[in-house]
Amino acid sequence: MCTKRNIYLQMKSLEEARRIVLDSFGDRLMPAEIVTAPEAVGRVLAEPVAARLSSPHFHAAAMDGIAVKAQTTFGAHPSRPKTLQIDRDAFFVNTGRVLPAGTDAVIMIEQVQRLDDRRIQIEAPAFPWQHVRKMGEDIVATEMLFARQHLVTPYCVGALLAAGRFEVKVLRRPRVVIIPTGSELVEWHGKPQVDLRPGQAIESNAYVLGKLTETAGGSYERLSLLGDEVGRIADAIRKAVRDADLVMLVGGSSAGSEDFARGAMEQQGEILVHGITMMPGKPTIVSRVEGKPVFGMPGYPVSTIMAFEQLVQPLLARMLGQPPFQRPTAQVLPTRKIASKLGVEEFVRVKIGQVGRRLVATALPRGAGQITSITEADGIIRVPAHVEGLAEGQPVTAELLRPLAAINQTLVAVGSHDNTLDLLADELRAQAAHLSLSSSHVGSMGGLMAVKRGVCHLAGTHLLDEADGSYNVTYIRKLLPDLPVRLVHLVMRDQGLIVPAGNPKGIRGIEDLARNGVVMINRQGGSGTRILLDYRLKQLDIPPERIAGYGNEEFTHMAVAAAITSGAADVGLGIQAAARALGLDFIPVVTEQYDLLIPEVHFETAAVQELLTVIRSERFKTRVADLGGYHTERTGEVLL
């Protein structure tokens, strides 16, 4: 009989043990594999996904009614009804159907009076694109749907399929092999019931770990139960690491004469950690075998769960390029003193309830073998190693188990649209996976106002000062005189006229917008592009009312390009990258300055500083240059 006892040598703090795990194995991002869009739910994208199709890919009726050319309805009034010929001037359509050729508006059926089988009468005019879902209203071909390392949800499937992305590349699930050990354990699988003798227990930990692995994004294989024999356990580890990305050995890790995990791991590799100053979970072992992580998980169920959540789960997240899982927290008041042991970080399971306006917490039994102490818990209070206990009635932080919610770490950008923001969002996820960037496109002036109201972290802006030709600074000083802000240069970009391939209308400059037969698509009021256009029109002494389509507005450069692709317009002012993305021609007008305005209160935060690191990276600059029409010589420079 084995009489050699394991002892904990040089126990590590939880923070130190986690650092060892991530430093040793955390640089291994999973390889990619291709799956269908529906199969991608719950998976992590290995690369950014761009649309292949626009949605809708045709102009569609948004109402039941009649499709008309808006111009033919002008002048209609209750005192002067207008009569239209069916199937010549007006065409009956149902919601979602293709607009007949030559029509650009829909009049609701309730507003149509049928005179006979061939004529209808209307009492109000239609305006262009009234009650029409324009091509690309939802998705524009080539635009980015999702950044890399985006976790695909069931909602995403609709967008992927609508955009023609029937297959996507996802990161392969980490392959985890779980090896249960222990001569006292009994298999239950396939048995209607199990009769246990004294000293026996049903093996459950491997199944718990397997399901925790799946929720963390991995797949698992549970091997058959092994007895307490070092040679057999060592052989199982050696075989498991051949195909696995991670191995968990369950049981046999504590300090006792009949625990064999450490001996088996030492035969095959190197012990990195044995013993962690945490309760439950102290006996956990971390080893390296043939370069792969092999964990010795404690035999008590709560201990093994804590060890998984604190060490294995963060590693699986790193392998999938995801931020480590964090539970939502709340301030709670212990209903009685919670004693704790100095030198050990303790995870106290608690029941939480609301009493009046306060959340109060009551500790559950502390035993590591009591699985119900976690199944019944509403939260966990972590007592630091340097604290001897928690006093009654003093607020402390609890991690909530019910309900669970994701912690939102999103940088919110509001302002002018630019295609580089999509790349910035993607590179931010690639280089700082715990962060994301969310952009709302309301124009440069809208962005400045959002900064003024304190509802965003940053705003994209390219506002031209007509007096001296400078960008942004004049507007910032005028509109935000008392708000401390920073201005960071993002890109110089080529802005010009976007026209169909081949330029069939022979457009050469801004002056051609006023020609007969030329229809433009405009950007919304307050956008930097609109301000630029109005400035050039003023220079050329061209009143806006002379330009057909001046009042037709879109909110992004890609939407302008899509309108031209669909034939809804002949020309629009936008950036070269948008024209290039959809295979359109581009006539340069100006190279303009596009900057990011950041309130001082956010500038020094870790999130914004990481964003600036990404902006200044050569990888981001290279990807921007590949779009065409951009210049990055001063990218990342702080201007104010």
With +1 on each Lys and Arg Cβ and -1 on each Asp and Glu Cβ, and nothing else charged, work out how big the dipole of the stretch 287-429 is about its Cα centre, in Debye to the nearest 20. 620
Any lysines whose Cα falls less than 30 Å from that of Lys452, other than same-chain ones fewer than 8 residues away, would be Lys478, Lys538, Lys621
So, with +1 on the Cβ of K and R and -1 on the Cβ of D and E, and no other charges, what is the size of the charge dipole of the chain about its Cα centre, to the nearest 20 debye? 820
Mean separation of Cα contacts under 8 Å, 6 or more apart, over the residue count of the stretch 130-216: relative contact order %: 22
Correct semi-axes for the chain, from √(5λ) of the alpha-carbon gyration tensor and rounded to whole Å with the largest first, are 61, 29, 24
How long are the semi-axes of the ellipsoid equivalent to the stretch 60-133, from square roots of 5 times the Cα gyration tensor eigenvalues, in whole Å, largest first? 18, 13, 11
Among DSSP beta bridges whose residues both lie in the chain, state the antiparallel percentage, nearest 5. 70
1/(1 + (r/R0)^6) with r = Cβ-Cβ of Asp626 and Gln394, R0 = 56 Å, i.e. FRET efficiency to nearest 0.05, evaluates to 0.50
Least to most buried among Glu39, Glu399, by other C-beta atoms within 10 Å and fewest first, runs Glu39, Glu399
If each residue of separation counts as 0.36 nm, what is the full-extension length gain between Thr591 and Arg508 once their alpha-carbon separation is subtracted? 28.2 nm
Any aspartates and glutamates with Cα under 18 Å of the Lys282 Cα? List them, leaving off those in the same chain fewer than 8 positions away. Glu15, Glu16, Glu258, Asp259, Glu309, Glu345, Glu346, Glu388
Under 18 Å Cα-Cα from Lys292, which lysines qualify once same-chain neighbours fewer than 8 residues away are excluded? Lys239
Tell me, in nm to one decimal, what length is gained between Asp465 and Glu618 on full extension, where the rule is 0.36 nm per residue of separation less the Cα-Cα distance? 52.0 nm
With a ≥ b ≥ c from the Cα gyration tensor eigenvalues, square-rooted, and the rule rounded for a/c under 1.5, otherwise prolate when a/b > b/c and oblate otherwise, the stretch 330-400 is oblate
Classify the stretch 366-504 from the C-alpha gyration tensor, please: rounded if a/c falls under 1.5, else prolate or oblate depending on whether a/b exceeds b/c. prolate
Given 0.36 nm per residue, what is the gain on full extension from Thr372 to Val638 after removing their alpha carbon distance, in nm? 90.2 nm
Dipole magnitude (debye, nearest 20) for the stretch 60-133, charges at Cβ of Lys, Arg, Asp, Glu: 120
Cα lying deepest toward the dipole's positive end in the chain, options Ala339, Val451, Phe620, charges on Cβ: Ala339
Hey, for a label at Lys69 modelled as a point 7 Å past Cα toward Cβ, could you say which residues of the stretch 551-581 have their backbone N under 15 Å away? 568-569
Out of all Cα-Cα pairs in the stretch 410-631, roughly what percent, to the nearest whole number, are more than 33 Å apart? 16
Of the peptides 190-201, 530-541, 447-458, how do they stack up when ordered by the mean number of other Cβ atoms within 10 Å, highest first? 447-458, 530-541, 190-201
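Just so you know, all these numbers are worked out from the coordinates, no wet-lab data involved. It should be emphasised that the depicted structure is a prediction, and the values quoted were computed from it without experimental measurement. Positions of Cβ are backbone-derived with ideal geometry, glycine not excepted, and every protein chain shown enters the neighbour counts.
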